[in-house]
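Every number here is computed from the coordinates shown, using simple stated rules; none is lab data. In this text, all values refer to a predicted model and were calculated from it rather than measured experimentally. Note that each Cβ is placed from the backbone with ideal geometry, even for glycine, and that neighbours are counted across all protein chains shown.
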Amino acid sequence: MAWLSPWMTPWMIGAGVVLFAWILINCKSSRSDGTLIPAVHPYRVMLGHITPRRNEAIVYFDSYVRADKLLAYVAAAKQKLDIDITHCLIAAVGTALRDNPRMNRFVAGRRLYQRKARTVTFSAKRKRLDREAKLAAVKITLRDEDDFAALCGRVNRSIGEERSDRPTYLDRELGLLTKSPRALLIRAVNLCFWLDHHNLLPPSFIDNDAMFTSVFIANLGSLDMDPGYHHLYEWGNCPVFLTAGRIADRPVVDGDQVVAQKTLHLRWSYDERIDDGLNARFGIDAVKRILEDPFTHLAPLD
């Protein structure tokens, strides 16, 4: 090394440290919210590279739920459990995720992961029956030991916290970011995207952010709206977005007649990188099956 100039050795050491750190960061595959799926078909590996963003890999599905039994169930259970259609949607989606674990995957850093928990995020008004109130995104982790009544209790408590005057984690996070100068805010958001891409986001950040979730549910029927086709957020790692519309009469064929049928229209936005269409169908059909017979699949009312 004697032939090197005095400044060359420290420079080369520094470059070697940077290169080593870069290799370590890019090789990191562990995350707090998911387990890397090791054996992935080459086609699905390439999907992560040729469609690196969720909305480049989005697929839309429609499903129609016969809603007579669902309406009867909500009416019968409302006084006992304090529920509405949203509670039934959360429970149905949670069961579909449990019975179809391939639906509970996500792509991060162009790698495919199995999510460790079943989580659902849903939208709710910050103030009940207030048209001017802001919407809140409420995230809940589903637990195998919870029956439908326990789940509804946890959902209602989460909504109550959002509607209280106490600032939530998200309120504090957004309050700090939005008070920053625009140039700083842009860099802070880009830094979060970079950290997530390289699996460096702190677990506390992921656990408390509503967009790191299995499914996002928006019950537009509570606003007397029809469902829309919703995009998938690039922020976070949510691969499935479900919008539910108002329950309305829809013409259906019954034998040799066309009759009016109370129907709940569901629209799904699905990241096709997580799995093939057949398994998407299994999950969607499970939700439909549960909602069409809630007396069997949700809580008994006797």
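Please give the calculated 222 nm ellipticity per residue for the chain, where each DSSP H segment of at least 4 residues contributes -39500 (n - 2.57) and the sum is spread over every residue; nearest 500 deg cm²/dmol? Mind showing how you got there, number by number?
Values: 10 runs with 126 residues, N = 302.
Only helices count here, giving -13000 deg cm²/dmol.
Positive contributions from Lys and Arg (+1) and negative ones from Asp and Glu (-1), summed over other residues with Cβ under 15 Å from the Cβ of Leu97, come out at +4. A cut-off under 10 angstrom between Cβ atoms defines the neighbours of Arg118, and their net charge, with Lys, Arg +1 and Asp, Glu -1, is +3. Among residues other than Leu242 with Cβ under 12 Å from its Cβ, the summed charge is +1 (Lys and Arg +1, Asp and Glu -1).
Relative contact order for segment 145-300: what is it in percent, counting Cα pairs under 8 Å that are at least 6 residues apart?
On the way: 156 pairs, mean separation 24.6, N = 156.
Relative contact order, segment 145-300: 16 percent.
Straight-distance candidates among the aspartates and glutamates for linking to Lys69, with alpha-carbon spacing under 12 Å and chain neighbours fewer than 8 residues away dropped: Glu292, Asp293.
Taken along the Cα-to-beta-carbon direction at a fixed 7 Å, the label points for Lys262 and His41 span 4.1 nm. Return the subset of Lys28/Lys179; Lys78/Lys116; Lys78/Lys262; Lys116/Lys262; Lys116/Lys288; Lys80/Lys262 for which the Cα-Cα distance in this structure is over 29 Å, preserving the input order. From the list (Lys28/Lys179; Lys78/Lys116; Lys78/Lys262; Lys116/Lys262; Lys116/Lys288; Lys80/Lys262), the Cα-Cα distance tops 29 Å for Lys28/Lys179; Lys78/Lys116; Lys116/Lys262. Loop-located chymotrypsin sites (Phe, Trp or Tyr not before Pro) in segment 224-285 (DSSP state not H, G, I, E or B) with no more than 13 neighbouring Cβ atoms inside 10 Å: Tyr229. With bins 10 Å wide beginning at 0, the percent of Cα pairs of the chain falling in each bin runs 6, 23, 31, 21, 10, 4, 2, 1, 0, 0. The distance from the alpha carbon centre of segment 135-204 to that of segment 21-99 is 17 Å, rounded to a whole number.
Computed from backbone phi with θ = phi - 60° and the Karplus coefficients 6.51, -1.76 and 1.60, the 3J(HN,Hα) list for segment 237-246 is 9, 6, x, 9, 10, 10, 10, 10, x, 5 Hz; x is used for glycine and proline. Within the listed set His265, His198, His49, the residue fluctuating most in the Gaussian network model of the chain (springs between alpha-carbon atoms under 10 angstrom) is His49. Considering every alpha-carbon pair of segment 159-210, the percent of pairs per 10 Å bin, from zero through the bin containing the longest distance, is 22, 45, 27, 6.
Scanning the chain for GluC sites (Glu not before Pro) in DSSP loops with at most 14 other Cβ atoms within 10 Å, what's the longest stretch left with none? The partial results should precede the final answer.
Details: sites that count: Glu132, Glu145, Glu234.
Answer from the scan: 1-131.
Which loop-located trypsin sites (Lys or Arg not before Pro) does segment 25-62 contain, where loop means any DSSP state but H, G, I, E or B and the Cβ has at most 12 other Cβ atoms within 10 Å? Hits after loop and neighbour filter: Lys28, Arg53.
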